[in-house]
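What follows is a set of notes on a single structure, which appears directly below.
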Amino acid sequence: MLTVKNLHAAYDRSEVLHGVSIDVAEGEFVCVIGANTAGKSTLLRCISRLIAKASGEISFQGQDLMALPAHRIPALGIAHVPEGRHIFPAMSVEDNLLSGGYALGRGANLQEPLERIYSLFPRLAQRRTQFAGTLSGGEQQMVALGRALILSPKLLILDEPSHGLAPIVVDELHRKLVEIHREGMSILLVEQNVALTLSVAQRGYVLQSGRIVLEGPAAQLASDDKVREAYLGI
Amino acid sequence: MSLSSSLGNAGTPSLRTLPCRPVLLIAAALGMAGLVPLGLDPQGYTLRVLTLTLLFAAMAQSWNIVGGLANQISLGHAGFFGIGAYTSTILLRDLGVSPWLGMIAGMGLAGLAAAILSVPTFRLKGHYFALVTLAFGEVMRVIANSWSSVTGGPVGISVPFAPNSLWMFQYNTVRPYYYVSLIALVLVSVVFWRIKTGALGYRLRAIKENPDAAEVIGIDTYRAKLMAGLVSAVLTAALGTVYAQFSYFFDPDTIFGVASISVRMALIAIVGGVSLTFGPIVGAFFIIPLEEISNAALAGRAAGLSAFVYGALLIAIILVKPQGLLALFGDLYKRLRKESSR
Amino acid sequence: MTQGLQAIVDGILIGGVYAIVSSGLSLVFGIMGVVNFAHAEFLMVGMFVAYFAWAILGLDPLIGSLIALVVVFLAGAGLQRTLIRPILKAPPVAQIFLTVGLMFTLENGALLLFGADYRSVVTSYQTESLHLGGIIVSMPYLFAFLMSVISGGLLWAFMRYSRTGRAMRATAQDPMAAKLVGINTDRMHQIAFGLGVGLTAFGGAVILPYLTVYPTVGSQYVVLMFTVVVLGGLGSVAGAVVGGLAVGVIQALSALVFPMQLQNLVLFVVFIAVLALRPSGLLKGASA
Amino acid sequence: MSKSAEDQRSSSLVVSRRTILAGTGAALAMPFIARQGMAAAKDVNVGVVVPLSGANAQFGINSRNAIQLVADEINAAGGIKSLGGAKLNLIIADSTSTPTTAATVAQRMISQNSVVAVLGAFASSLTLAISEVTERRGIPLLTMSFSDVLTERGFKNVFQVVSKGSTLGRAQFDYSVALAKASGETIGKVAIMYEDTAYGTSQAEGLRQAAKAAGIAVVLDEAYPLGVTDATPLINKLRSSGAQLVFPVSYLNDSILIVRTMRQQGLDIPTIGGAAGYVIPDFRKALADLGDGVLSISPANYDQAPELTERFRKRFGYFMVHEAIEHAALTGVLASALENAKSTAPDALRAALLGATFDQGWASVMTGGSVRFDETGHNKNAYPVMVQWQKDELVTVYPPEAAKGKAQWSKRG
């Protein structure tokens, strides 16, 4: 459903991606792993059209994304949970979640999806009127995820969702992701935590210095010597 | 083809000799600036405009130490300017003290005011700093306006009429004021340049790039900003005395004017190119004559037209090149070179 | 005692107007991060619109204020697109001076268009007042205050409950995340700027019954508006309300103790002191 | 054109060539200005420096209108006959509200346009700044600014056609007390409110002196910042002071605010304004019936010479306000002086300005019907008048020799 072909992207003058191609099929759970500066976030930001200086092809369900401004992307069914969460700190939890449904348009019924999020993350239901900025890191990540899910997207993009969270919370988060995937959503996940990521995803890409150097089923990657050496520290 | 390539080649040697070129250019410009008044009517309009241009260039340059190097947009420098003007003029009027000595007294008072002002402002950033300094300038204006027994109040204050005298800093023609302003501009520019290329400039740059990191590597942020603020305030006050002696008369609204002094000082530096040594000079040689031309050419036609055009031009400059005129000239220069080498 | 009470009442009435006039400036800063020095000129534009609505259509300025709101909203949205959007990413100094240029242009544009005449409206209630005990409440001030309270309340509800209001708050708090949820942040900036200047114009219209309009009337309000906004905390509409009331009451009370001449001195000293102690304003943490 | 002016012109051309060579930005201005000066070879250039932008623009425009009217009339009648029918060529510039700019503009007119005299610049601070330039260049400066200082500094080239600020203040007080007495009221307590500008403070000083001389208590003496956004605190103070009369010295915005706030609070003690905001058509338009009966001091009034001032009303559509009257008088005086001097040399012109009583044509439009400058350059024939809003007109009601109507003291202005 998502196809990225020969993508180049740059900040100022330095090019960060040098011809990246990936794709995500309907209902697939794909991950991209790589070192800190490999360009993983840049790749995701290109898909969401947050980076203007990019060339190549990106299409989603046959639609050319390169021609669209960033704010038109969610309405196609792509939800992006950015690195560092980027929740709205001075808005209530509920307003944060509702804002995720903005792309659905004025008349959309958000009550049902809202209840679904609350049943997925009961903790958020307790804090619905609290300012999101006052929540713990794990709760904030739930808000960020919930804000993306309220759209009932076809493709969910996550950028380092476990960054800075306690191991217990990370485990819970990944369980939720698997649960969501099982219900039929396609997922594109970028993570530092390679072991965990490869354990939940179906297929993966290894991004190194702006180029895809390896791809294949997650299990196969997890057993690849180079991956084990470089990212799993074995 | 052969012509253009030879042009391109001709450009190369001059590039190699580039390091000595600015020095030569500056020397030539100074020499020229020194000679210009000899060909002008010593009481004339052109000389007056040139003098004001140099004076405002010097004012903008001293603003540039705080606004450019320390990256603190002050909109209250009229406060220091007025302290300088009032101090020397009051000392002259009441005690007959030479304005040169009065200038030093004014510099001291302005330094004191800057030190006091730094206490509530040093932690403030960006817009907050700009607005508090704006309020500081207004406070000074209200004080000068209300404290009639000393300042003369809203009626203003006149520099007592005296014969030509270097010691009393008073001349019947504009020419000496031109040279005083020129020397002031050179001195302030040298101070600016020394700070910029010296240790304080390095610290200020570090603070500008990343205040937290600067603290971590042991830079005393408060001290560095205070130093810049003090130097800037003291120089501005000295220029206030020059202005007072040049214009002979001023009132609180003029000398503490938000638009006529504070904003204009900043504007000139910004239009020229903020934190660049030649920015304020280019800015002043653009803004002051621009004001004159628009007034001369348009004021007789319809009320408000000249100020309207002036505002529109400001907008246009910022829209075309937010980094200022120097950057714009740089772009044009590059393009010209490109075209000539093509 | 009565004098003190009277001063507080007067201060609150005028402070309510300061609040609505300044909240527009705060809105623009909060959502776009632009300090708009030309903002007070829109107060002048609003007064002119209301004046002509009165002179030509015979509408009371309190009704004309709605026309002022709409007209200036549209003009502001247009200006945002042509002038403000290109410099949103420019350094703050460039923003400050673009708006200073805009201030010159608007002030002198008004002079070119309307001339330097001082114009004011004649209303049936211009000299009426309520006498409550020993306290005098003048009707034009009271009406201006009520209009401000109503519009302030509507603004609050709009920002709090409407879809667009939520999107504007989202844009203010995190523009990138706002784009990711499908908010057209450019559009939000445009609405915010239009609404910001529109509200200030509205404020100008409601005070027209007791004031006079002329091209430089905005300059009386520049410093005042910034004082209000900074006291309340730049970018916070609720802060602007607190700041407005505070400034109104400080002005009225200081007149009891000090000569009127020192009114602004007292105000600025309080202003500098507040910022020294609470650098982000009286209402810390609250946001647009 | 005189010899010295010729010299200056040719030197200015040399100048422009050199400055262009020097490559300064100011040189860009030169072609414009040089051409302006060249345009009218035989004309007498007269500089007009008035605020055409900023808060005082309206008064600058009124002044310009009057000067233009008089110059047009003189030119239509054959110009300055002793100079071979030379026309008055007005060089008009915006003083802005900044004294430095005003002085620079005056300098420009003297250097580039060889003006024989400068008219301006309404606000005292602007005029003071200009006078520093004109004095050093020996060019006559004709002004209607009120400031006492103007003609008290020993300057030889300043000519002030109006009564000084302190005189206006004293007259404002004395005339009021006299009018009250005439209607059987004894004044014991008065209030002074004034804007904290040069105009406000100097006129308030006159009021204070007069009150002291008359032994009448000043129960409120309050300066307020120009352009207040709220006059309520001021009127609260006035109300609790118990004054029988109030003397507000203010410009229009504040005048209207003060009168309206007084009426809202039910305070209707007589209001005697200090010229400025109280004697312009907008005051009456803004206040409608509330303005009726308000008294004010004025340095001149149009009903003193209706046959002349009606021409202004006909051309511009509003009555001839005082700054227009005074500037018209100055223009008339200047034309007569040029006629008498038979020369545009500054010394001859100064001598002609000092020597004579000007009572012909527009020079007679001032109070007293004539202008005569004493050795300090002050018009000693000028005296202020008390005017009152009666319907849409300003009627002179005091002193008796100038009065055109009866003061309505009972009608609480």
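Among the residues of the range C:155-178, is there at least one that is of a type in the set (Phe, Trp, Tyr), under 30 Å from residue B:299 (Cα atoms) and outside any strand (DSSP E or B)?
The answer is no, given that none of the residues of the range C:155-178 is of a type in the set (Phe, Trp, Tyr), under 30 Å from residue B:299 (Cα atoms) and outside any strand (DSSP E or B).
Go through the range A:209-223 residue by residue and tally those that are crowded, with 18+ Cβ neighbours inside 10 Å and either touching a strand residue (DSSP E or B) at 6+ places or on another chain (Cβ under 7 Å) or modelled with pLDDT of 90 or more (or both).
Summing the residues that are crowded, with 18+ Cβ neighbours inside 10 Å and either touching a strand residue (DSSP E or B) at 6+ places or on another chain (Cβ under 7 Å) or modelled with pLDDT of 90 or more (or both) in the range A:209-223 gives 4.
What are the residues in the range D:121-153 that are aromatic (Phe, Trp, Tyr) and within 20 Å of residue D:93 (Cα to Cα), if any?
Residue satisfying the conditions is D:122 alone.
Consider the range B:288-308. How many of its residues are more than 7 Å from every other protein chain (Cβ to nearest Cβ) and farther than 18 Å from residue B:182 by Cβ?
Initially, the range B:288-308 is screened for residues more than 7 Å from every other protein chain (Cβ to nearest Cβ), giving B:288, B:290-291, B:294, B:298, B:301.
So of that shortlist, the ones also farther than 18 Å from residue B:182 by Cβ come out as B:290-291, B:294, B:298, B:301.
The total comes to 5.
Could you please find all residues in the range A:50-93 being assigned to a strand (DSSP E or B), more than 10 Å from chain C (Cβ to nearest Cβ) and either within 28 Å of residue A:14 (Cβ to Cβ) or acidic (Asp, Glu) (or both)?
Within the range A:50-93, A:54, A:55, A:56, A:57, A:58, A:59, A:60, A:64 qualify.
Evaluate the range B:215-234: report whether one residue or more is of a type in the set (Gly, Ala, Ser) and within 14 Å of chain D (Cβ to nearest Cβ). Break it down stepwise before answering.
As a first pass, look at the range B:215-234 and keep what is of a type in the set (Gly, Ala, Ser): B:218, B:224, B:228-229, B:232-233.
Among the residues that remain, those that are also within 14 Å of chain D (Cβ to nearest Cβ) are: none.
Checked against the condition, which is being of a type in the set (Gly, Ala, Ser) and within 14 Å of chain D (Cβ to nearest Cβ), the range B:215-234 yields no hits at all.
Could you tell me how many of the residues in the range B:173-218 are surrounded by fewer than 14 Cβ atoms within 10 Å (Cβ to Cβ) and either on the phi > 0 side of the Ramachandran plot or in contact with a Leu (Cβ under 8 Å, 6 or more places away or on another chain) (or both)?
Looking only at that region, the number is 1.
Matching residues to (1) crowded, with 24+ Cβ neighbours inside 10 Å; (2) aliphatic (A, V, I, L, M); (3) in a helix (DSSP H, G or I):
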| position | (1), (2), (3) |
| --- | --- |
| B:53 | yes, no, yes |
| B:59 | yes, yes, yes |
| B:63 | yes, no, yes |
| B:68 | yes, no, yes |
| B:71 | no, no, no |
| B:74 | yes, no, no |
| B:79 | yes, no, yes |
| B:84 | yes, no, yes |
| B:89 | yes, no, yes |
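Does residue D:227 qualify as being within 14 Å of chain C (Cβ to nearest Cβ), surrounded by fewer than 19 Cβ atoms within 10 Å (Cβ to Cβ) and over 29 Å from residue D:372 (Cβ atoms)?
yes
Which of the residues spanning the range A:193-208 are among the small types (Gly, Ala, Ser) and crowded, with 16+ Cβ neighbours inside 10 Å?
Of everything in the range A:193-208, those that are among the small types (Gly, Ala, Ser) and crowded, with 16+ Cβ neighbours inside 10 Å turn out to be A:201, A:204.
Does residue D:402 qualify as being part of a loop (DSSP other than H, G, I, E, B) and surrounded by 16 or more Cβ atoms within 10 Å (Cβ to Cβ)?
yes
Go through (1) touching a helix residue (DSSP H, G or I) at 6+ places or on another chain (Cβ under 8 Å); (2) within 11 Å of chain B (Cβ to nearest Cβ); (3) of a type in the set (A, V, I, L, M) and name the single condition residue C:277 misses.
(1)
Which condition does residue A:143 not pass, out of (1) touching a residue at least 12 places away in the same chain (Cβ under 8 Å); (2) in a loop (DSSP other than H, G, I, E, B); (3) not assigned by TED's automatic domain parsing to the domain that holds residue A:59, if it passes all the others?
Unmet condition: (2).
From B:231, B:263, which residue is within 11 Å of the chain's Cα centre (by Cα), surrounded by fewer than 24 Cβ atoms within 10 Å (Cβ to Cβ) and assigned to a helix (DSSP H, G or I)?
B:263
Consider residue A:189 carefully, then state whether it is out of contact with any Lys or Arg (no Cβ under 7 Å at 6 or more places or on another chain) and part of a loop (DSSP other than H, G, I, E, B).
Against the criterion (out of contact with any Lys or Arg (no Cβ under 7 Å at 6 or more places or on another chain) and part of a loop (DSSP other than H, G, I, E, B)), residue A:189 does not qualify.
Is there a residue being modelled with pLDDT of 80 or more, out of contact with any Cys (no Cβ under 7 Å at 6 or more places or on another chain) and not in a strand (DSSP E or B) anywhere in the range D:17-30?
No, because not a single residue in the range D:17-30 is modelled with pLDDT of 80 or more, out of contact with any Cys (no Cβ under 7 Å at 6 or more places or on another chain) and not in a strand (DSSP E or B).
Check the range D:127-136 and report whether any residue there is surrounded by fewer than 24 Cβ atoms within 10 Å (Cβ to Cβ) and in a loop (DSSP other than H, G, I, E, B).
No, the conditions are met nowhere in the range D:127-136.
Scan the range A:105-140 for residues that are in contact with a Phe, Trp or Tyr (Cβ under 7 Å, 6 or more places away or on another chain) and free of Cβ contacts under 8 Å to residues at least 24 places away in the same chain and jot them down.
If the condition is that a residue be in contact with a Phe, Trp or Tyr (Cβ under 7 Å, 6 or more places away or on another chain) and free of Cβ contacts under 8 Å to residues at least 24 places away in the same chain, then A:125 is the only one that fits.
Yes/no matrix, rows are residues, columns are (1) small (Gly, Ala, Ser); (2) over 19 Å from residue C:241 (Cα atoms); (3) touching a residue at least 60 places away in the same chain (Cβ under 8 Å); (4) more than 14 Å from chain A (Cβ to nearest Cβ):
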{"site": "C:117", "(1), (2), (3), (4)": "no, yes, yes, yes"}
{"site": "C:141", "(1), (2), (3), (4)": "no, no, yes, yes"}
{"site": "C:162", "(1), (2), (3), (4)": "yes, yes, no, no"}
{"site": "C:173", "(1), (2), (3), (4)": "no, yes, yes, no"}
{"site": "C:180", "(1), (2), (3), (4)": "no, yes, no, no"}
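Report whether or not residue B:46 is in contact with a Ser or Thr (Cβ under 8 Å, 6 or more places away or on another chain) and over 23 Å from residue D:137 (Cβ atoms).
Working: in contact with a Ser or Thr (Cβ under 8 Å, 6 or more places away or on another chain): yes; over 23 Å from residue D:137 (Cβ atoms): no.
No, not satisfied.
If I filter the range B:115-129 down to residues being under 26 Å from residue C:261 (Cβ atoms) and more than 7 Å from chain C (Cβ to nearest Cβ), which single residue comes out as surrounded by the most Cβ atoms within 10 Å (Cβ to Cβ)?
This residue is B:121.
The values are calculated or read from the model by the stated rules, or taken from the named source; none is laboratory data. In this text the structure is predicted, and so the values were computed from the model without any measurement. FYI the Cβ positions are ideal-geometry reconstructions off the backbone, even for glycines, and counts take in every protein chain you see.
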